[in-house]
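A short worksheet on the structure shown next.
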Amino acid sequence: LQGSQFSDGTTSNTTVTAVDQSIVVLVSGIETGGGNAAVSISSVSGLGLTWIQRGSYTDPDTNAGQTMEVWYAINTSGSTQSGDVTVTYDGNADDQILMATTYTGIDLINPWTASGAQFSNTTNGDGKATITGNIAESNTLGIWAAAVPINTSMGYANGWNNLNSVTNGGAQWW
């Protein structure tokens, strides 16, 4: 698992190694600061791979332009690819978190669960967000990414593993 964090800017990069027959998944949390419009990822490049957006979600209740995006690429080049992956935003991000991880043993033709991308910014009666997905499909990925307010704890459902938790450097909004 590789990653980066920065404040202020329109690009970010992280170093990634992807063995042949693997999928690289990037998860980005972006914040533009109080009262600023949200920005999105306009492109991802690197490793000589084609990058595809899996999903994007901007919190409709945000006052700080908070967006989460998931992008991926599949390496079927016949060799290990290693180097920088560059993410470019369509505007200035105040704070950003970028995490990358590589998976093998995944169905490279249809790597994602049939559930599709799902998003939520609401909670049930006990203050927990709920997203339902089918994770029982063989050789597919189910990725769960969350952005929570600063000083807020997070738990995980049974059967899910926390690969990494990254903070954005103590930004004001999340």
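The values are calculated or read from the model by the stated rules, or taken from the named source; none is laboratory data. Because the structure is predicted, anything quoted here is derived from the model rather than measured. Cβ atoms come from the backbone with ideal geometry, glycine included; neighbour counts cover every protein chain shown. Calculation scope for accessible area: heavy atoms of the full protein, side chains included, ligands and nucleic acids excluded. Shrake-Rupley method; radii C 1.70, N 1.55, O 1.52, S 1.80 Å.
Which pairs have Cβ atoms under 6 Å, sit 6 or more apart or on different chains, and link a residue in the stretch 24-49 that is farther than 30 Å from I109 by Cβ and in a loop (DSSP other than H, G, I, E, B) to one that is modelled with pLDDT of 90 or more and open to solvent by 40 Å² or more (accessible area, probe 1.4 Å)?
As it stands, the answer is V39/D90, since those pairs meet every condition given.
Taking L141, is it at pLDDT below 90 and within 20 Å of D20 (Cβ to Cβ)? If you could, list the steps in order and put the result at the bottom.
On the way: at pLDDT below 90: yes; within 20 Å of D20 (Cβ to Cβ): yes.
Taking the combined requirement at face value, the residue satisfies it.
Check off (1) under 18 Å from S12 (Cα atoms); (2) open to solvent by less than 30 Å² (accessible area, probe 1.4 Å); (3) at pLDDT 95 or above for S45 and give me the number that stays unchecked.
Result: S45 fails condition (2) only.
Show me the strands (runs of 3 or more DSSP E) found entirely inside the stretch 50-112 where at least 1 residues are over 22 Å from T11 (Cα atoms), of a type in the set (F, W, Y) and open to solvent by 40 Å² or more (accessible area, probe 1.4 Å). Can you show your working first?
On the way: elements: 52-58, 67-75, 81-104.
It comes to 81-104.
Taking the stated definitions as given, is A18 out of contact with any His (no Cβ under 8 Å at 6 or more places or on another chain), open to solvent by 20 Å² or more (accessible area, probe 1.4 Å) and of a type in the set (A, V, I, L, M, F, W, C)? Lay out the reasoning, then the answer.
Values: out of contact with any His (no Cβ under 8 Å at 6 or more places or on another chain): yes; open to solvent by 20 Å² or more (accessible area, probe 1.4 Å): no; of a type in the set (A, V, I, L, M, F, W, C): yes.
No.
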